[in-house]
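To start, the structure itself, in structure tokens.
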Amino acid sequence: MLCNKIENQKEVLDEETFTIPEYITNNLRYPLYDWQRVALENFLINERLRQKKISKGETLPPNHLMFNMATGSGKTLVMAALILYYYKQGYRNFIFFVNQNAILGKTQANFIDSSHNKYLFAENIVIDGIHVNIREVELFSDSCNDIQIKFTTIQKLHNDIYKEGENALLLSDLQKRDVVLFGDEAHHLNASTSKKKSAANELTDDISFIGELKDSAKAEDIERSWEHTVRHCILEKDGKSTDLNKNVLLEFTATIPNTDEVKEKYEDKIISKFELKDFVEAGCTKHIRLVRSNLELRERILQALLLNWYRYAIATKYGISNFKPVILFRSKTIEESKADY
């Protein structure tokens with residue numbers, strides 16, 4: 001695994017070679033936790049190793065990495081740090097995409113709304129003595145020297161390119177630019193791979209190979225779009241670029257599907273691995289205890305209600321204030337949920 005190879009490099013490298021630069025730490029609103037620092041250090045070491053190979057004349061594919069980090073461990077702060085890094089390297093165009101619209105809204109505020117309580121950057125971003133703004137855009141501009149971020153879903157990104165209508169994101173324009181792509185909740189983008197289906201075998205050279213993606217698109221179609229639109233057409237520029245392709249794809253997920261197909265796919269891409277068990281051991285999240293039962297549905301519901309009431313009684317006995325036990329009953333359909341209720 002790539003992160004293990006990188007960790008071994010730390011033993012022989014001078015610490016100064018992977019120290020996180022001040023233009024990153026000074027422009028973040030929050031200090032970095034140890035595991036966030038490790039993720040960034042691994043990334044910086046990998047960058048230096050790539051640059052050495054390029055300087056020796058090697059032709060490398062576009063940089064494609066995976067950050068496997070537990071939910072709540074601060075993936076978005078790492079993303080903010082990476083945006084600052086790539087801005088310093090000369091990049092201005094960033095695309096942030098997810099699988100669902102619901103995830104998109106809260107992340108947008110983290111990056112662009114300086115009044116939001118979870119805004120990730122310093123109040124004033126200054127790099128090389130220049131004040132840098134962050135702009136949300138639909139189309140990238142050559143005349144803008146700020147950080148330009150397009151927030152979208154995989155469906156919309158594919159459709160924007162597929163339609164190529166007025167104010168749409170033109171593939172021909174994207175392929176002329178150096179772009180950094182952030183794919184959040186990336187395990188959703190490997191749904192069919194985890195089911196042992198090879199999306200790559202179904203690809204064609206035509207961007208309209210599956211037509212417009214609807215909101216109700218199947219996981220297999222979304223992954224085909226992901227493989228073709230994001231990886232082949234944007235990241236790899238259809239393989240048409242004669243110059244060094246400087247595009248970057250950074251994926252983030254808390255859960256990598258535990259299948260041989262996905263493991264093989266990301267063996268050389270996982271730059272950071274900080275899973276839930278690591279998060280718990282670090283003492284920075286709640287310890288989760290699973291209670292399993294072979295009871296029938298009605299009895300399981302009653303069991304959950306009883307355990308919930310017991311917790312409430314304990315909290316009352318020991319004076320634990322503001323204790324609000326919550327139960328989530330999950331069903332596949334609304335009808336099943338109503339029946340459970």
> Which one is surrounded by the fewest Cβ atoms within 10 Å (Cβ to Cβ), of the residues in region 123-158 that are polar (S, T, N, Q) and without any contact (Cβ under 8 Å) to a residue 12 or more places away in the chain?
Replying inline: SER143
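Here's the yes/no breakdown for (1) loosely packed, with under 15 Cβ neighbours inside 10 Å; (2) without any contact (Cβ under 8 Å) to a residue 12 or more places away in the chain; (3) part of a helix (DSSP H, G or I):
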site	(1), (2), (3)
ASN4	yes, yes, yes
ASN8	yes, yes, yes
PRO31	yes, yes, no
GLN36	no, no, yes
GLU41	no, no, yes
ILE45	no, no, yes
ARG48	yes, no, yes
>> Just the residues that are of a type in the set (D, E, K, R) and either within 20 Å of the chain's Cα centre (by Cα) or in a helix (DSSP H, G or I) (or both), please, taken from region 50-61.
In response: ARG50, LYS52, LYS53
>> Just the residues that are in a loop (DSSP other than H, G, I, E, B) and either polar (S, T, N, Q) or in contact with a Phe, Trp or Tyr (Cβ under 6 Å, 6 or more places away or on another chain) (or both), please, taken from region 317-341.
In response: SER321, ASN322, PRO325, SER331, THR333
> Just to be sure, is GLU251 in contact with a helix residue (DSSP H, G or I) (Cβ under 9 Å, 6 or more places away or on another chain), closer than 30 Å to TYR33 by Cβ and at pLDDT 75 or above?
Replying inline: yes
> Would you pick out the residues in region 51-72 that are surrounded by 12 or more Cβ atoms within 10 Å (Cβ to Cβ) and either on the phi > 0 side of the Ramachandran plot or hydroxyl-bearing (Ser, Thr, Tyr) (or both)?
Replying inline: THR71, GLY72
>> Would you confirm whether or not region 102-109 contains a residue that is in contact with a Leu (Cβ under 9 Å, 6 or more places away or on another chain) and either assigned to a strand (DSSP E or B) or loosely packed, with under 15 Cβ neighbours inside 10 Å (or both)?
In response: no
> Across region 73-101, what is the number of residues that are surrounded by fewer than 20 Cβ atoms within 10 Å (Cβ to Cβ) and over 28 Å from ASN124 (Cβ atoms)?
Replying inline: 2
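The values are calculated or read from the model by the stated rules, or taken from the named source; none is laboratory data. No experiment lies behind these values; they were computed from the predicted model shown. Cβ coordinates were reconstructed from backbone atoms using ideal geometry, including for glycine residues, and neighbour counts include every protein chain displayed.
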